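Shown next, in structure tokens, is the structure this report addresses.
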Amino acid sequence: MSNAANPRQFVIKFIFISIASVMLIRLLFLQIFESKYKVMANDITIYRKIVYPPRGIILDRKGRTMLYNQVVYDLMVTPNNVRKGFDTAQFCQAVGIEKAAFIKILEHVRIRNGGMRQSVFMEELSKEQTARFQENSYLFNPGFELIQRYIRAYPSASAGIVLGYIGEVSPEMLKRKQYESYQQGDYTGMNGLERSYEDVLRGQRGVYYLERDNFNRPRDSYRNGALDTPAVAGRTLQLYTDAELQAYAEKLMANKIGSVVAIDPKTGGILAMVSSPSYDPNLLRGRDRAKNYYALDKDATHPLFNRAMQASYQPGSTIKPMTGLVALDVGAITPSFGLACYGSYNYCGRPIACEHHDAGHAANFRLALAHSCNSYFCHIFRLTVDDAKFGSIKKGLEVWHDYFSNFGYGHPTGVDLPFEGKGLLPDSTFYNKRYNGVWNSCTVVFVGMGQGELALTPLQMANGMCIIANKGYYYTPHFVKNIGNNPNDPLLQPYLKKHKVTNISDETYSVIQQAMQDVVESGTAVGAKIDGINICAKTGTVENKAIVDGQAMKLQNHSMFVAFAPRENPKIAIAVAIENAGFGATWAAPIASLLMEKYLKDSVSVKRKAIEDKMINAHLIGKYTYIIDSARRLHDLRAYEARVEKRKMADSLQKATDSAMVMHWIKRQVKRK
Amino acid sequence: MSAERKSIFSKIDSITLVLYFALAIIGMAAVFSVEYRSTDPTIFMFSKSYMKQLMWLGISLFVGLIIILTDSKFFSNISFLSYTIGLFLLFITIFVGVDVKGSHSWLGIGSVRFQPGEVCKIFTSLALAKFISLPETNFKTTRARLIAVAIALIPAALIILQKETGLALVYFCFFLVMYREGLPNTILIIGFSLIALVLATLLLDRKVLFLILTLVAVGVGVILRDTLRRNIVASIILVSVWLGSVLFSQVAVPFAFKHVLQKHQIDRIFSTLGQDVPEEYSHREEKGDEKKVNSSDYNVKQSKIAIGSGGFMGKGFLNGTSTKNEFVPEQNTDFIFCAIGEQFGFIGSLGLVAIYITLMLRIIYLAERQRSSFSRIYGYCVASILFFHFAVNISMTIGLAPVIGITLPFLSYGGSSLLSFSVLIFILIRLDIDRQVMIR
């Protein structure tokens, strides 16, 4: 053919080069000018694996475990890896389910998560299921696999109200700043110490960057782990609480509604805190948590309500040492002040009853406190607030209020548990409001004997005992002794601060202590006596009323008891409150006494076995509890419905108004034309 | 004899051979990078495709050696026979073929499978070269041109019957060869205009396109009004071109989409162009699996992410997070370019494109220096096939062309592909050794 270069070869070469150039220009844009592909590549290929560290455990004062992490196994399945010849019958037998259920779960898993990813087949296998599965695991691999996981466990099944429980963070919680480091599905302390010490118990999550493949399965570590941060385990909490004392207290309080708070006065460390009826904290974990929580929440006795720090009671006679303390310190009386009481207090119109009729039972302060003379304490309260040097009852009450506020009443003590109640401490403003400014010491006289508008939480009562035991100071009650063996952790700083309570003299305290010792030696609480230990105590029997079937009804008295021991070197201060049980001396006093003996002597003496049994077996939950509870729930429901109805009404009214306005406007426009 | 052999080897075009090896080695590395896992106990795992690819490279080189040792006239002599055998294989594949990924284009003999459509490219090249170079063929006659077109497109038709449209499209590259051998310029212009018309038909609204076509026709008419006044034939041509375009876009393409093309092909075409499949074409198939419509869209998206994330320098060998973790479907075969783009970035892509273009220009150079037209035409066949594969494959990975499932020469994993491209190249090398010999 022709030897001259054919011009068409250049056309073809031109086509080759120009199309290659178009491709290169496209590549230039794709790889250099566009950055979105790099971001997209990282998004789809880099998997952020969160490793959850084990949560911190909780020990009691002697190092005994109160809360630890228990290993449970979840049965996982990767549907596509289940072999063709898989022995379904044997598998079903091993884990104890029906074949139909097997197919249903597998189908469900496949629909929800696809066939390639590993998903949960069954949660928290029982020990038997785990063992049976593991025996034959080679038959079930690679489709099925056991994955280890931790759940919280409470070995002595006590102190639920103190330790609390954990739960999944809810979407509402996630919106709050406090939970900004959490993700959906994370667990957090919902109540108790689990909540208060969440930050230290939680530890630090590890973050590992892994490459993942098209089925979301993680593969190699990304950049050889240069960006990874390892997980840091949660720290251990050691409590002041004595696990044995706590369990014993719960046992004594069984079948009673009430609470016990025991504090070490020297440190403010809480030795035991019981809210009865108590519940097994093991119920509020794992797969049945929601169901059990619902059941506990519906219970008429409110086991989830921490009565020891959330409920407040009129303190009754247990407030008398405090009334006396203030009266003595302001100089309203001297220890030798006496009152002739013949069974009632008659200075304020309607007589106020006193248990004692014999003359001379209130001949001086010691006798009056030992016999818990109502007349005496009403009177010295009046003498205190009416004292001429304050000028007026209103100023006098303010002085009294300041004293009581200093004792830790009327505001939360600051204990390291969430949702603490504050009780009620009335001041002049309160009474001005209530009585329109017209009131005098007789109007408020009941406060002196612990009835009336004064209400304390059992925790505040126990803390009051610490003040008397320490002769004028207290530490904020708290549970945690050290965090990860460090007693000076920043979180514990508030509890290391000594709170000095006004400048009441040691002599005044001695008078009070002597009188309180008399209560046990010769007064209302002789049953609380422990051989060889000087106990200072005060009983209380609190009248209370409730609305039953539409009318106010006087219920059985609350049984109260506060104490500390030994007098010379106080090691335990205690408050016991039992609702609707009767005299303080009958129920609360023996229980407190047994607990003090248990703590101070390590065991209860044989001769008190009978009283111990009597306390354990007593069933003191009143029949009205259930009636009152259902009435209250009904009332709440009605109130809720009424609110909804009201809102609906308001809405429709608004709409009607709006449309009326629109109609009006249109009419006016029409008229104008 | 040995002296003669020695002279054969010394005449091998070393540049072509070096480029061939370069591409084969890059291909091995790419397949290796996609398949290798850091958790593998050893890199010599025969279950992995890169080891199979290595084996196929060995086979290809062995076959290449045999080709080099074969007389160059042999290829000319067997060309019609091999073409006939090829057509026969394609024909029986329609009936006894094995289904692989929805296409019916594979023949299985025991555990070995191969794609006759892939191999038939060689036979068609030889037959086309032989036919056009026959002394009695006058390529200026319409009859000869029609026969040449038939030789090129009969295999394509058979392959379409095997539902492997992508491979069939490769056979259209022979028009480039025929253009070199004397097909009029207008064919090329018409061809490119057709492609433009097809793209416009797919991308634009039908009424808008009608308006544009009419405006263009009127515009041309206004510009050429003097010519048209003088020459009635020109007017007729203009009107018929306008009418033809309108008919094509308004009737023929909708007809093709409704009655000829498969559903997956329609999806691919539209998804690559960034379009949703129009309502009128989509409800032909059952409506049940509508979710799967975006599968080829997914391929291209992942492929673009992989290549785009490579940046200027790439992520480095074995650091391709997308390709290593199997985000791009078929990444060791049709989408192997992703591995290059992701790991070696723009620099790597540029280098690869440069190697391909150098190879193709070299082949054209080789073709042009042949004394016999058989060798020259065959050389153009090789260049055209390579070019079509190269251009369409890379374009589809970067979203410039529809995903039609054809391999990247020498790089994609696959025995049939590597072997047939090697044979194509080695026959050319063998013919080039005898470039001074007149082969008929």
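We did not get these values from a lab; they are worked out from the coordinates using the rules stated. Just so you know, these numbers come straight off a predicted model, no measurement behind them. Backbone-built Cβ (ideal geometry, glycine too); neighbour counts: all protein chains shown.
At a temperature of 37 °C and a viscosity of 0.692 mPa s, determine how fast the protein assembly as shown diffuses translationally according to Stokes-Einstein, using the Kirkwood radius over alpha-carbon pairs as Rh; express D in µm²/s, rounded to the nearest whole number. Each step should come with its number before you reach the end.
On the way: Rh = 38.6 Å.
It comes out at roughly 85 µm²/s.
Kirkwood hydrodynamic radius (Cα pairs, Å) of the stretch A:243-622? Numbers along the way, then the final one.
Numbers: mean 1/r = 0.0474 Å⁻¹.
Final number for the Kirkwood radius of the stretch A:243-622 is 21.1 Å.
Where in chain A are the DSSP H helices whose alpha-carbon span along the long axis reaches 18 Å or more and whose Kyte-Doolittle mean is at least -0.5?
Numbers: long enough: A:7-28 (31 Å, 1.58); A:99-113 (21 Å, 0.06); A:393-406 (19 Å, -0.69); A:506-521 (22 Å, -0.41); A:588-601 (19 Å, 0.59); A:624-672 (70 Å, -0.82).
Those that clear 18 Å and a mean of -0.5 are A:7-28, A:99-113, A:506-521, A:588-601.
Assuming 0.36 nm per residue, please report the length gained on full extension of the stretch A:N80 to A:D280 beyond their Cα-Cα distance.
Numbers: separation 200, 0.36 × 200 = 72.00 nm, distance 4.11 nm.
Separation in residues times 0.36 nm, less the Cα-Cα distance, equals 67.9 nm.
Tell me, which cysteines of chain A are without a disulfide-compatible partner by the Cβ under 4.7 Å rule?
Singleton cysteines: A:C92, A:C341, A:C354, A:C373, A:C378, A:C466, A:C536.
Cα-based Rg of the stretch A:624-673 per 2.2 N^0.38 Å, rounded to two decimals? Working shown, then result.
On the way: Rg = 21.5 Å, N = 50, 2.2 N^0.38 = 9.7 Å.
It is 2.21.
Only Cα pairs under 8 Å and at least 6 apart count here; give the relative contact order of chain B as a rounded whole percent. All intermediate terms of the calculation are to be shown ahead of the outcome.
Working: 570 pairs, mean separation 110.7, N = 440.
Answer for chain B is 25 percent.
How large is the direction-averaged shadow of the alpha-carbon convex hull of the stretch B:1-159, in nm²? Numbers along the way, then the final one.
Values: hull surface 55.3 nm².
Across all orientations, the stretch B:1-159 yields a mean hull projection of 13.8 nm².
Of all the stretches in chain B, which is the longest one without any exposed loop site, taking GluC sites (Glu not before Pro) in a DSSP loop (any state but H, G, I, E, B) with at most 12 other Cβ atoms within 10 Å? Each step should come with its number before you reach the end.
Numbers: sites that count: B:E136, B:E286.
Longest gap between qualifying sites, sites excluded: B:287-440.
Once you average over the residues of A:202-212, how many Cβ atoms of partner chains fall within 10 Å of each Cβ?
Numbers: counts 0, 0, 0, 0, 0, 0, 0, 0, 1, 6, 3.
Across the residues of A:202-212, the mean count of other-chain Cβ atoms within 10 Å is 1.
How many times 2.2 N^0.38 Å is the alpha carbon radius of gyration of chain B?
Details: Rg = 23.4 Å, N = 440, 2.2 N^0.38 = 22.2 Å.
Working it through for chain B, the quotient is 1.05.
Sequence-distant or interchain residues sharing an amide H contact under 5 Å with A:F121, placed H: which?
Those lying under 5 Å, H to H, from A:F121 are A:L75, A:M76, A:V77.
Whats the longest run of chain A with zero GluC sites (Glu not before Pro) that are DSSP loop and have at most 11 other Cβ atoms within 10 Å?
A:181-567
Could you list the chymotrypsin sites (Phe, Trp or Tyr not before Pro) in the stretch A:109-157 that lie in coil according to DSSP, counting only those with at most 15 other Cβ atoms within 10 Å of their Cβ?
Numbers: sites: A:F121, A:F133, A:Y138, A:F140, A:F144, A:Y150; in loops: none.
Answer in residue order: no site qualifies.
Report relative contact order for chain A in percent, whole number only (criteria: Cα-Cα under 8 Å, sequence separation at least 6). All intermediate terms of the calculation are to be shown ahead of the outcome.
Values: 1289 pairs, mean separation 85.1, N = 673.
Result for chain A is 13 percent.
How would you rank A:K538, B:K11, B:K140, going from fewest to most other Cβ atoms within 10 Å of each one's own Cβ? Walk me through the numbers on the way to the answer.
On the way: A:K538 35, B:K11 16, B:K140 11.
By the 10 Å Cβ count, ascending: B:K140, B:K11, A:K538.
Kindly put B:K163, A:K291, A:K320 in sequence by how many other C-beta atoms sit within 10 Å of each C-beta, fewest to most. List each step's numbers first, then the result.
Working: B:K163 17, A:K291 10, A:K320 29.
The order, fewest Cβ neighbours first, is A:K291, B:K163, A:K320.
Over the stretch B:3-43, consider all pairs of different Cα atoms and compute the Kirkwood hydrodynamic radius from their mean reciprocal separation; express it in Å, one decimal. Before the final figure, lay out each step's value.
On the way: mean 1/r = 0.0779 Å⁻¹.
Roughly 12.8 Å, rounded to one decimal.
Give, as a single signed number, the net charge of other residues whose beta carbon lies under 14 Å from the beta carbon of B:I122, with Lys and Arg counted +1 and Asp and Glu -1.
Its environment carries a net charge of +2.
How far is it, in nm, from the label point at B:K11 to the one at A:K266 when both lie 7 Å from their Cα along the line to the Cβ?
11.1 nm
Within the stretch A:9-104, report the chymotrypsin sites (Phe, Trp or Tyr not before Pro) that DSSP leaves as loop and that have at most 15 other Cβ atoms within 10 Å.
Details: sites: A:F10, A:F14, A:F16, A:F29, A:F33, A:Y37, A:Y47, A:Y68, A:Y73, A:F86, A:F91, A:F102; in loops: A:F86.
Answer in residue order: A:F86.
Using Cα springs under 10 Å in a Gaussian network model of chain B, which residue among B:T227, B:T142, B:T84 shows the largest mean-square fluctuation?
B:T227
How big, on average over all directions, is the shadow cast by the Cα convex hull of the stretch A:224-304, in nm²? Show your work: numbers first, answer last.
Numbers: hull surface 37.0 nm².
For the stretch A:224-304, averaging the hull's shadow over all directions gives 9.3 nm².
For the stretch A:463-504 and the stretch A:343-409, what is the separation of their Cα centres, given in Å?
Each part reduced to its Cα centre gives a spacing of 30 Å.
When B:V100, B:V328, B:V112 are ordered from fewest to most other Cβ atoms inside 10 Å of their Cβ, what list results? Don't skip to the answer; put the middle values down first.
Details: B:V100 13, B:V328 30, B:V112 9.
Starting with the residue having the fewest Cβ neighbours, the order is B:V112, B:V100, B:V328.
What's the Kirkwood radius of the stretch A:166-311 in Å, using all Cα pairs? Don't skip to the answer; put the middle values down first.
On the way: mean 1/r = 0.0537 Å⁻¹.
Evaluated over the stretch A:166-311, this radius sits at 18.6 Å.
Compute for the stretch A:101-233: radius of gyration divided by Kirkwood radius, i.e. Rg/Rh, restricted to C-alpha atoms, rounded to two decimals.
Details: Rg = 18.8 Å, Rh = 18.5 Å.
For the stretch A:101-233, the value is 1.01.
Please tell me which of these pairs span more than 26 angstrom C-alpha to C-alpha: A:K481/A:K598; A:K38/B:K324; A:K471/A:K614; A:K320/A:K554; A:K49/B:K48; B:K163/B:K207?
A:K471/A:K614; A:K49/B:K48; B:K163/B:K207
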